[in-house]
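The values are calculated or read from the model by the stated rules, or taken from the named source; none is laboratory data. Given the structure is predicted, the values throughout are model-derived calculations rather than measurements. Positions of Cβ are generated from backbone atoms using ideal geometry, with glycine treated the same way; all protein chains shown enter the neighbour counts.
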Amino acid sequence: MSKYSTIAPTERLPEWLRRPIGDASALERVQGVVKQNRLHTICEEGRCPNRGECYAAGTATFLLGGSICTRSCAFCQVEKGQAPMAVDPAEAQRVADAVEAMQLRYVVLTAVARDDLADHGAALFTTTMEAIRARNPLIAIEVLTPDFWGGHPDPQQAVAAQRERLATVLAAEPVCFNHNLETVQRLQGEVRRGATYKRSLGLLAACRGLAPAIPTKSGLMLGLGESREEVIAAMRDLRDVDCQRLTLGQYLRPSLAHLPVDRYWTPEEFDELGAVARDLGFAQVRSGPLVRSSYHAAD
């Protein structure tokens, strides 16, 4: 049993976090295509509150590498395990089939962490991008990757391996490279098990060095116990590595087995933090309680 399972929610969701399901017909249609092609989307695995809206707008986020993640982040609903399924060589083509069937114009590709693979899943992104573009080269593809860290006890070799995996993905020329910092520096250890603040910032910095024409993006969840000052410090750290796009959203507890919500930030507070982010120099900012990494990504 998780140590969090005995921590009961302290209050009902605020009114601003309750929203209708959205376009039910689009939701049903996309869910049918995903199920038919035996795929996973973070929209469904994470029960994203915006999925009906995004599906209707022609955007979806596919989860590559199966449904089991080798990391055990305390905020995430995706299933965890150290023995994930073997890589499915037909997954890329099935994603391309689904993209074509859904007539998507903008696709976000993310993946479970695959620390069991030599390339930590980098090829999952490239083969899927190739399969999608073989059908329609005009489809825009954004990637939201893990940190590609691990496999070498020597720090210098680990950094070199991370850069090599990153370079593999960037060589396929996504329209945007996204890697989420998720939370402020103080809370990283409990929230992001297996990942670190420094490594994530290093990955974003390496992206700017390897492919300066590809915009970088990151996201923070609020409501885990961070202060306003810590959020702004994290935004400054992202700007220091020339991260250009930012999403800020409210953490919502997926179940009693996950981290509890410390507090719900108000829409006005999100607006204020969004203004601070723009003043810091982010070229694109999405800040609001229901904002997620891929929300309005096509914009």
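May I ask you to list the residues in the range 180-226 that are out of contact with any strand residue (DSSP E or B) (no Cβ under 8 Å at 6 or more places or on another chain) and on the phi > 0 side of the Ramachandran plot? Scanning the range 180-226 gives Gly194, Gly225.
For the range 126-182, filtered to residues that are among the charged types (D, E, K, R) and within 15 Å of Leu109 (Cα to Cα), the residue that is modelled with the lowest pLDDT is Asp147. Per the listing Arg278, Arg292, Arg286, the residue uniquely under 19 Å from Pro215 (Cβ atoms) and in contact with a His (Cβ under 9 Å, 6 or more places away or on another chain) is Arg286. Of the numbered criteria (1) of a type in the set (A, V, I, L, M); (2) surrounded by fewer than 19 Cβ atoms within 10 Å (Cβ to Cβ); (3) within 24 Å of Glu53 (Cα to Cα); (4) in contact with a helix residue (DSSP H, G or I) (Cβ under 8 Å, 6 or more places away or on another chain), the one Ala98 fails is (2). Out of Met235, Met221, one residue alone is under 16 Å from the mean Cα position of the chain (by Cα) and not aromatic (Phe, Trp, Tyr). It is Met221. Of all the criteria given as (1) assigned to a loop (DSSP other than H, G, I, E, B); (2) on the phi < 0 side of the Ramachandran plot; (3) buried (at least 22 other Cβ atoms within 10 Å of the Cβ), the one not satisfied by Phe125 is (1). Just one of (1) among the β-branched types (Val, Ile, Thr); (2) more than 19 Å from Phe62 (Cα to Cα); (3) not in a helix (DSSP H, G or I) fails for Thr110. It is (2).
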